[in-house]
Amino acid sequence: MELIIPKRLKENDVVATISLSWGGAGDEDILWRYHQGVQRLEEEFSLTVRPMPNSLKGTEYLYKHPEKRAEDLMQAFLDPEIKAIICNIGGEESIRLLPYLDLSVIRENPKIVMGYSDSTIVHLCCLTAGIRSYYGPSVLVEFAENVEIDPYTVRWVKKSLFGSEPMGLIEAPSHWTSEHLPWEEKNRDTRRRMESNAGYRLLQGTGSVQGPLLGGCMEVLEMAKGTEIFPKDWTGCILFFETSEDRPEPGLVKAWLRNYAALGILQGAAGLLFAKPYGQEHQEEYHQAILQVLAECGREDMPVLGNLCYGHTEPMCILPYGALAEIDCENKTLKILEPGVADS
């Protein structure tokens, strides 16, 4: 998978914050949390943060104007001062941006784009345009976390977006949470309750496999199927999937996986990663669905790791699209064998 790799971030670089779907960052009752996330980006990573012009106009305005959200994205790519674009949060309808996007603008102005969940759509746009993007933290959630950004997340932001060395072993965090505390300013100094994390789970497979990373949020990938941005070639990839806070029924996940089999994607993939689901709900059923569908399409040999932390739980690592990764079944490990970003 040949992709243009964006240049690494440096101190004092300008990064844009953007609302590509839900516009809550600009709502009066949540704006404090946006500013808290910005403060963390500036203080923890020594970045200069610039909100895009329409990104803080609130939920109602941005829902009615997908063209303005798309305009922000195009302007962020065209602005030579901006070195990275970080999504404020996901949502459920970034797919509505497609008619207003010019993928040639993305290709001709490569830079870091980071987000997750509904931001899968912008990742697929970048992939189609031929540049690497980064499945990782958003402003309102991880960067604006109560009290502090989790050190595990901080480490992977620095290693993925600022570092010039191969990312290496992606260790499982020792803890996790998806506890919901209302986004009220009175809770800003209340830590969410963490639980002990059991580490990665090998669902099947032996030996080790390598391949470029490709995937995203399963519900959002379903919206992209049949469009120009849905990937044409998944051959040899290490698939990474996660599910949203909507906690889809296991039967839906099974149906989606069967569609990947019908498209020949599972048969040609090298391996599969599956993230810890929100609240760890349905985890066993999801794992069983994966094993059932892989057996149905003759892929009992495919290495599968579960319980990874890159989705709707915290803390989270970062997965660069197209980066060469390795699943080692004997050691139950995931490695990324190259740097996340280009050195210059």
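The values are calculated or read from the model by the stated rules, or taken from the named source; none is laboratory data. Just so it is clear, the structure is predicted and the values come from calculations on it, not from any experiment. Counting neighbours? That spans all protein chains shown, and the Cβs are built from the backbone with ideal geometry, glycine included. With ligands, DNA and RNA removed, areas are computed over all heavy atoms of the protein, side chains included. Shrake-Rupley method; radii C 1.70, N 1.55, O 1.52, S 1.80 Å.
Among the residues of segment 32-80, write down those that are open to solvent by 20 Å² or more (accessible area, probe 1.4 Å), acidic (Asp, Glu) and farther than 19 Å from Pro137 by Cα.
Listed by number, the residues that qualify are Glu60, Glu67, Glu71, Asp79.
If the Cβ limit is 9 Å and pairs must be 6+ apart or interchain, which residue in segment 152-163 that is under 16 Å from Ser46 (Cα atoms) and open to solvent by 10 Å² or more (accessible area, probe 1.4 Å) pairs with which residue that is assigned to a helix (DSSP H, G or I) and of a type in the set (A, V, I, L, M, F, W, C)?
Val154/Phe45; Lys158/Phe45; Phe162/Phe45
Scan segment 115-135 and report the pairs whose first residue is free of Cβ contacts under 8 Å to residues at least 40 places away in the same chain and farther than 22 Å from Gly23 by Cβ and whose second residue is open to solvent by less than 10 Å² (accessible area, probe 1.4 Å) and of a type in the set (Gly, Ala, Ser), with Cβ atoms within less than 9 Å and a gap of 6+ or a chain change.
Correct list of pairs: empty, since none qualify.
Can you tell me how many residues in segment 185-198 are out of contact with any helix residue (DSSP H, G or I) (no Cβ under 7 Å at 6 or more places or on another chain), touching a residue at least 12 places away in the same chain (Cβ under 8 Å) and open to solvent by 80 Å² or more (accessible area, probe 1.4 Å)?
Within segment 185-198, residues that are out of contact with any helix residue (DSSP H, G or I) (no Cβ under 7 Å at 6 or more places or on another chain), touching a residue at least 12 places away in the same chain (Cβ under 8 Å) and open to solvent by 80 Å² or more (accessible area, probe 1.4 Å) number 7.
Which residue out of Pro173, Pro182 is part of a loop (DSSP other than H, G, I, E, B) and more than 27 Å from Pro250 (Cβ to Cβ)? Talk me through it step by step, then tell me what you get.
Working: Pro173 fails: more than 27 Å from Pro250 (Cβ to Cβ).
Within the list Pro173, Pro182, the selection yields Pro182.
Of all residues in segment 199-230, count the ones that are out of contact with any helix residue (DSSP H, G or I) (no Cβ under 8 Å at 6 or more places or on another chain), open to solvent by 40 Å² or more (accessible area, probe 1.4 Å) and either closer than 30 Å to Thr177 by Cβ or at pLDDT below 95 (or both).
Quick first cut of segment 199-230, residues out of contact with any helix residue (DSSP H, G or I) (no Cβ under 8 Å at 6 or more places or on another chain) only: 199-200, 202, 205-213, 219, 226.
Next, from what is left, pick out any that are open to solvent by 40 Å² or more (accessible area, probe 1.4 Å): 202, 206, 208, 210, 226.
Filter once more, keeping what is either closer than 30 Å to Thr177 by Cβ or at pLDDT below 95 (or both): 202.
Number satisfying all stated conditions: 1.
Would a scan of segment 10-18 turn up a residue that is open to solvent by less than 30 Å² (accessible area, probe 1.4 Å) and assigned to a helix (DSSP H, G or I)?
no
List the helices (runs of 4 or more DSSP H) inside segment 231-342, counting only whole elements, that have at least 2 residues being open to solvent by 20 Å² or more (accessible area, probe 1.4 Å) and within 27 Å of Gly130 (Cα to Cα).
Per the criteria, 250-262, 265-268.
When residues of segment 21-31 are filtered for being open to solvent by less than 30 Å² (accessible area, probe 1.4 Å) and assigned to a helix (DSSP H, G or I), how many remain?
3
Are any of the residues in segment 121-140 touching a Cys at 6+ places or on another chain (Cβ under 6 Å), open to solvent by less than 10 Å² (accessible area, probe 1.4 Å) and either of a type outside the set (S, T, N, Q) or in a loop (DSSP other than H, G, I, E, B) (or both)?
yes
Among the residues in segment 88-96, are any surrounded by fewer than 22 Cβ atoms within 10 Å (Cβ to Cβ) and more than 30 Å from Asn187 (Cβ to Cβ)?
Yes: one or more hits.
Val49 passes all but one of (1) free of Cβ contacts under 8 Å to residues at least 60 places away in the same chain; (2) within 23 Å of Leu98 (Cβ to Cβ); which number fails?
If we test Val49 against (1) free of Cβ contacts under 8 Å to residues at least 60 places away in the same chain; (2) within 23 Å of Leu98 (Cβ to Cβ), just (2) comes out false.
Can you pull out the residues in segment 248-257 that are of a type in the set (D, E, K, R) and under 26 Å from Thr333 (Cα atoms)? Can you show your working first?
Pass one, segment 248-257, residues of a type in the set (D, E, K, R): 249, 254.
Scanning segment 248-257 gives a single hit, Lys254.
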